Amino acid sequence: MSSTGAVTVPRLHPKARLQHDDVRGRDVLLYPEGLVALNATGVAILELCDGTRSLAEIVATLERLYATGGLERDVATFLEGLAAKGLVTYGP
Amino acid sequence: MDLKPLWLLAELTYKCPLQCPYCSNPLDFAGARFKRELSTEQWCRVFREAKALGVLQLGLSGGEPTLRPDLEELVRTAHGLGLYTSLITSAYRLTKERLAALKEAGLDHVQISVQGADAELSDEIAGTASYRDKIAAYHYTRELGFPLTVNAVLHRRNLHQVEGLIRLAESLGAERIELANTQFYGWALHNRDALMPTKAQLDAAWQVVLRERARLGTRLEIVWVLPDYHGQFPKPCMGGWGRAYMTVTPAGEVWPCHAAGRITTLTFENVRDRPLGWIWEHSDAFTRFRGDAWMPEPCRSCPRKAQDFGGCRCQAFLVAGDAGATDPVCSLSPHRHLIDEAIARVEAAEERPAELTYRAAPASRALAAKG
């Protein structure tokens, strides 16, 4: 968890844009020459990556929203996957 | 039918101040077929119909798309529809004010070509002094907060500069560099003997790419478009014919890829006459090679057919003379010897590469007249 510690703030890279794909009934993340299809949870996570919330705050918000616990690993893994594509960055 | 397009390449004009000898535009771009450009209204209708069909990614290309005075309006319409819009430009005489206006209109991403890693080679290959404008535009793009792709087409005269090209993109703060080995269609096929690299050149450049990818990680994405002549199997061209991609030409013809217009055995429809959805679903050009029922052997019984879709139809037409043949670059194709002979000619002529024909209107008209 070195790069995604609780105090780090994940941000959606400015090159990426959330977009509803009404023809296929899904949400997607669009970026130069590509796209990633998202499920509802993915969209909920990314909407919280606004550059003001820490990973811990994002997890806490989602756990309240879904009335569940233990989401930290799933959220961190999802964001790591996008970070590997350069679509999410981490800052202080 | 459940296939829906994701990508639309809008070739807004074939006018271009550059004269790159590997241009993917048709050899007869200056002819009557491409003269009557679509109006602003017609393009906006194409974008609306494309979005309704499922398109999410829009490329605004050419020729040189910034020559269209209505580019801002086209971008504004595309952005309003939710399309992720990329401008694919040479950046010749592109000002910061124009880029700012395009940003304000909702443009998402800018791709600027460069023909070499320094002014001397870049201007020589472009046939027009343009390197200085490109470097200025790269900086404007970054200052305005656009994501930036640097695009370089690679061939025997600039492959030795791959490291320089990557360092240039890195120093500009680009997100991506697309190192596109020349694909032999259009002007590139006409200039094939002069442009095709040697195997040794390709191997050396690939080693640089591997090393630089390891050094740069996610800081700079390095896209390497494979030189398919030197591969064993064909590329999965366009992700399969009529599966995800369409090109609209300046005069409104709709093609399954930006080279398909050369295939004389297909009939192409025009957005002036038909809705885009009808063309995607029913036109001869889109349905002829969709799926795998058209495939001959060795594709038909090949386990790779779901992976490479039989390769490229344009290459089959241009090299083997039959758009319905297996891509001749495939090692299993009965026409593979035609590719091997072209490679052997280049390897043998290593010291004396052939002359280049630059892409320009007079050359285009002369070639069209010759047929």
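Taking a threshold of 30 Å on the Cα-Cα distance, which of the pairs B:K15/B:K370; B:K4/B:K305; B:K134/B:K305; B:K15/B:K305; A:K15/B:K96; B:K15/B:K199 fall above it? Could the numbers behind the result be given before it?
Details: B:K15/B:K370 21 Å; B:K4/B:K305 20 Å; B:K134/B:K305 41 Å; B:K15/B:K305 38 Å; A:K15/B:K96 19 Å; B:K15/B:K199 34 Å.
Checking Cα-Cα distances, B:K134/B:K305; B:K15/B:K305; B:K15/B:K199 exceed 30 Å.
What number, in percent, do you get for the relative contact order of the stretch B:66-178 if the mean sequence gap of Cα pairs under 8 Å and at least 6 apart is divided by its residue count? Walk me through the numbers on the way to the answer.
On the way: 163 pairs, mean separation 28.1, N = 113.
Over the stretch B:66-178, the number comes to 25 percent.
For chain B, what does the alpha-carbon gyration tensor say about shape, rounded, prolate or oblate, given a ≥ b ≥ c as the root eigenvalues, a/c under 1.5 as rounded, and a/b over b/c as prolate? If you can, show how the numbers build up before the last one.
Details: a/c = 1.43, a/b = 1.04, b/c = 1.37.
It is rounded, given that a/c, with a ≥ b ≥ c, falls under 1.5.
Could you give the C-alpha radius of gyration of the stretch A:9-83 expressed as a fraction of 2.2 N^0.38 Å, taking N as the number of residues it contains? Don't jump to the answer; show the numbers that get you there.
Values: Rg = 12.5 Å, N = 75, 2.2 N^0.38 = 11.3 Å.
Cα Rg divided by the expected 2.2 N^0.38 Å: 1.10.
Only four residue types carry charge here, +1 at the Cβ of Lys and Arg and -1 at the Cβ of Asp and Glu. Report the dipole size of the protein assembly as shown about the Cα centre in Debye, rounded to the nearest 20. Walk me through the numbers on the way to the answer.
Details: 53 positive and 55 negative charges, 76 e Å.
Dipole size: approximately 360 debye.
How big is the gap, in Å, between the Cα center of the stretch B:1-51 and the Cα center of the stretch A:9-42?
With the stretch B:1-51 and the stretch A:9-42 each reduced to a Cα centre, they are spaced 27 Å.
Which whole-number percent is the relative contact order of the stretch A:9-83 (Cα, under 8 Å, 6+ apart)? Show your work: numbers first, answer last.
Values: 75 pairs, mean separation 20.0, N = 75.
Relative CO of the stretch A:9-83 lands at 27 percent.
Once fully extended, how much extra length lies between B:E341 and B:R300, figured as 0.36 nm per residue of separation less the alpha-carbon to alpha-carbon distance?
Contour length minus Cα-Cα distance gives 12.2 nm.
Please report the antiparallel percentage of DSSP beta bridges with both residues in the protein assembly as shown, rounded to the nearest 5.
Numbers: 18 of 50 bridges.
Of those bridges, close to 35 percent are antiparallel.
How large is the convex hull of the C-alpha atoms of the stretch B:73-168 per residue, in Å³?
Working: hull volume 9.1 nm³, N = 96.
It is 95 Å³ per residue.
Mean projection of the alpha-carbon convex hull of the stretch B:291-371 over all orientations, in nm²?
7.4 nm²
What are the aspartates and glutamates whose alpha-carbon lies under 12 Å from the alpha-carbon of B:K35, with same-chain residues fewer than 8 places away excluded?
Result set, ordered by chain and number: B:E253.
With the dipole of chain B worked out from charges on the C-beta (+1 for Lys and Arg, -1 for Asp and Glu) around the Cα centre, which of B:P298, B:N270, B:L60 lies farthest toward the positive end?
Value computed over the given set: B:N270.
Cα axis of helix A:72-84 to longest principal axis of chain A: angle in degrees, 0 to 90, nearest 10?
For helix A:72-84, the angle is close to 50 degrees.
If one takes the longest principal axis of the Cα atoms in chain A, at what angle in degrees, from 0 to 90 and to the nearest 10, does the Cα axis of helix A:55-65 lie?
Long axis of A:55-65 versus the principal axis of chain A: about 80 degrees.
Along the charge dipole of the stretch B:1-110, Cβ charges K/R +1 and D/E -1, which of B:L107, B:S90, B:A32 sits furthest on the positive end?
B:A32
Magnitude of the Cβ-charge dipole of chain A, K/R +1 and D/E -1, about the Cα centre, nearest 20 debye?
Details: 9 positive and 11 negative charges, 29 e Å.
Roughly 140 debye for chain A.
Which values, in whole Å and largest first, are the semi-axes of the equivalent ellipsoid of the protein assembly as shown obtained as the square root of 5 times each eigenvalue of the Cα gyration tensor? Before the final figure, lay out the partial values.
Values: eigenvalues 264, 135, 120 Å².
Sorted largest first and rounded, they come to 36, 26, 24 Å.
Every number in this text was worked out from the coordinates using simple rules, so none of it is lab data. Keep in mind the model is a prediction, meaning the values are calculated, not measured. Methodologically, a virtual Cβ is constructed for each residue, glycine included, from the backbone with ideal geometry; neighbour enumeration extends over all protein chains shown.
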